[in-house]
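The values are calculated or read from the model by the stated rules, or taken from the named source; none is laboratory data. In this text, all values refer to a predicted model and were calculated from it rather than measured experimentally. Every residue, glycine among them, receives a Cβ derived from its backbone with ideal geometry; neighbour counts consider all protein chains shown. Accessible surface is based on the protein model in full, side chains and every heavy atom, while ligands, DNA and RNA are left aside. Shrake-Rupley method; radii C 1.70, N 1.55, O 1.52, S 1.80 Å.
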Amino acid sequence: IMDLMEQLDNDEGFTEYELLNKQREITEYFSSITFTNKNAKAILFVNDEKTVYGETNAAEEFDIENYFNSDIPEKVEELSGSVFWASGLENNYKNIYLIREYDNIGTLILMADVQLFQEVFENDEKNSGRDISIINENGIIISSNKMELVGSKYENHKNSEDYLVSTIESENGWKVSVSTSKSYLLKKQIRCCCVTSVNLSSLTWSGLSK
């Protein structure tokens, strides 16, 4: 892939036919990667001349001019080759972008579906007493089991008397916040005690009847 990106560093010396072939070649290569990953929507490469290569259907969702007019390229450059995670581009929280700059070559962008976080929520979909939120570096909730929270500013407004709040920071600077209602925990505890009591009674009765 590096050889291919180096060839696309700039458009000089290529005929229109050669550029079309390079576009087709890199699109096919990127598609072979995204096809095998259910959460990867597309991969794009942007050379230093701001020409976008890759899966054109994704390019329609990714406005390159808006990208370069934002503060993201500067943040990507500051990471010196490490991956930058971006979300909420143009207030769109359906996609997450993993962006890496290659010196003197260009920028590689992986567009992923926000559904990749779904596994975090799967076990808690029916638990109304618990809020789970993914928060980006700007303090914006980008994904949550409570859809109405997505796109809003995260505020730890939960009353500590009524909720237990736990926040964990990941390597990319994003955070996972879990707020659990104490009344919900109490109900679970009571339910657990009742089940245990029933099981113990069953064992005791079983033992006496022998």
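Here are a few things to note about the model shown:
- Across q = 0.16, 0.26 Å⁻¹, segment 61-151 modelled as identical point scatterers on its alpha-carbon atoms has Debye log10 I(q)/I(0) values of -0.70, -1.38, in the order of the q list.
- Segment 20-100: proportion of alpha-carbon pairs further apart than 22 angstrom, %: 24
- Summed side-chain charge close to GLU90 - residues other than GLU90 whose Cβ falls under 10 Å, Lys, Arg +1, Asp, Glu -1: -2
- Checking the Cα-Cα distances for LYS153/LYS182; LYS38/LYS75; LYS22/LYS75; LYS38/LYS146; LYS41/LYS182 against a 31 Å cut-off, the pairs over it are LYS41/LYS182.
- Net lengthening on full extension, GLN118/ARG100 (0.36 nm per residue, minus Cα-Cα): 4.0 nm
- Other-chain or far-sequence residues with amide H under 5 Å of LYS146's (modelled H): ILE132
- ARG130 exposes around 50 Å² of accessible area when a 1.4 Å probe is run over every protein chain in place.
- Between LYS22 and GLU78, the modelled labels are 3.2 nm apart [label points 7 Å from Cα along Cα→Cβ].
- For segment 22-37, putting each phi into the Karplus relation 6.51 cos²θ - 1.76 cosθ + 1.60 with θ = phi - 60° gives couplings of 5, 4, 5, 4, 6, 5, 5, 5, 5, 5, 5, 7, 5, 5, 8, 10 Hz, in residue order, rounded to whole numbers and with x for Gly and Pro.
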